[in-house]
1. Among the residues of segment 57-96, write down those that are within 11 Å of Ala43 (Cα to Cα) and basic (Lys, Arg).
2. Restrict the check to segment 24-36 and report whether at least one residue is open to solvent by 20 Å² or more (accessible area, probe 1.4 Å) and farther than 22 Å from His117 by Cα.
3. Kindly provide the set of residues from segment 124-161 that are crowded, with 17+ Cβ neighbours inside 10 Å, within 17 Å of the chain's Cα centre (by Cα) and more than 25 Å from Leu15 (Cα to Cα), ordered by number.
4. Let me spell it out: the conditions are (1) in contact (Cβ under 8 Å) with a residue 24 or more places away in the chain; (2) of a type outside the set (Phe, Trp, Tyr); (3) open to solvent by 50 Å² or more (accessible area, probe 1.4 Å); (4) over 24 Å from Ala42 (Cβ atoms), and Gly121 meets all of them except one. Which number is the exception?
5. Considering only residues of segment 83-118 that are at pLDDT 90 or above and within 17 Å of the chain's Cα centre (by Cα), which is surrounded by the fewest Cβ atoms within 10 Å (Cβ to Cβ)?
6. Kindly indicate the residue of segment 46-82 that is of a type in the set (Ser, Thr, Tyr) and more than 27 Å from the chain's Cα centre (by Cα) and also least open to solvent (accessible area, probe 1.4 Å) among those meeting that condition.
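The values are calculated or read from the model by the stated rules, or taken from the named source; none is laboratory data. It should be emphasised that the depicted structure is a prediction, and the values quoted were computed from it without experimental measurement. Glycine gets a Cβ as well: all are built from the backbone with ideal geometry, and neighbour counts include every protein chain shown. Calculation scope for accessible area: heavy atoms of the full protein, side chains included, ligands and nucleic acids excluded. Shrake-Rupley method; radii C 1.70, N 1.55, O 1.52, S 1.80 Å.
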Amino acid sequence: VILTRSQQQVLDTALGEHTRGRKVAIVGNLEAARLKGLGALAADVFALREGQQPPRLAKFSSFQTLKWYAEKKNAAQLRIAVSLVERFGDRVPDLLETLRREVVPQDRADVIVSTAHAFKGRQGARVSIAGDFRPFASADPKKPGAFNLDRQELHLAYVTVTRAQRVLDITSFREPLLSSLLAVGAHASLSGIVEEAKKLETGMTNVPRALLRLVGNAG
């Protein structure tokens, strides 16, 4: 199981795993049934970028206007379509259609890709965390010894690292995780729990316990 923070990363990961020849299952809002619609939307976004005016995007005067709107309104599907078009151009619909045809049920998959939110309540024997997660704590530059805590990111991190039954690969999550734990360690009595970077890369260590205590301290 590969867990991501965003739907965009789900798609990037699924495409990457597919090109490596692995059978991919997708959990959440980008399951096979929705990839066809996303491909059609991406085709319209590409047309707008090329100076055309697709009917469904008629209210946008330009590609840049659409991009601004997608970011400002946090319109997930539009943001994904824009990002894909920027990277793959007119190849996007074909890439998504290929992925849609090749996506398999979870019991037939070599790898399951999901956002951490969509995977909440489930577990996998082997879980890898993608590289799009953010730090949940940082040192306060105005107050030496103090830190700022993002409770939403903290709870998401806890949900993510506790999905593994046997093996948890946090290699791609190591930097934001370690910086967050070090930022709060002395103040949350975590100095004995924070692990060295090399230990963090090898498996679960004490990460779930550390985050559990942080969640409790954060209320």
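1. Arg91
2. Yes - at least one qualifying residue is present in segment 24-36.
3. Pro135, Phe136, Glu153, Leu154, Tyr158
4. Going through (1) in contact (Cβ under 8 Å) with a residue 24 or more places away in the chain; (2) of a type outside the set (Phe, Trp, Tyr); (3) open to solvent by 50 Å² or more (accessible area, probe 1.4 Å); (4) over 24 Å from Ala42 (Cβ atoms) one by one, Gly121 breaks only (1).
5. Per the criteria, the residue is His117.
6. Kept after step one, since they are of a type in the set (Ser, Thr, Tyr), are these residues of segment 46-82: 61-62, 65, 69.
Remaining after also requiring more than 27 Å from the chain's Cα centre (by Cα): 61-62.
Values: Ser61: 96, Ser62: 40 Å².
Here the residue is Ser62.
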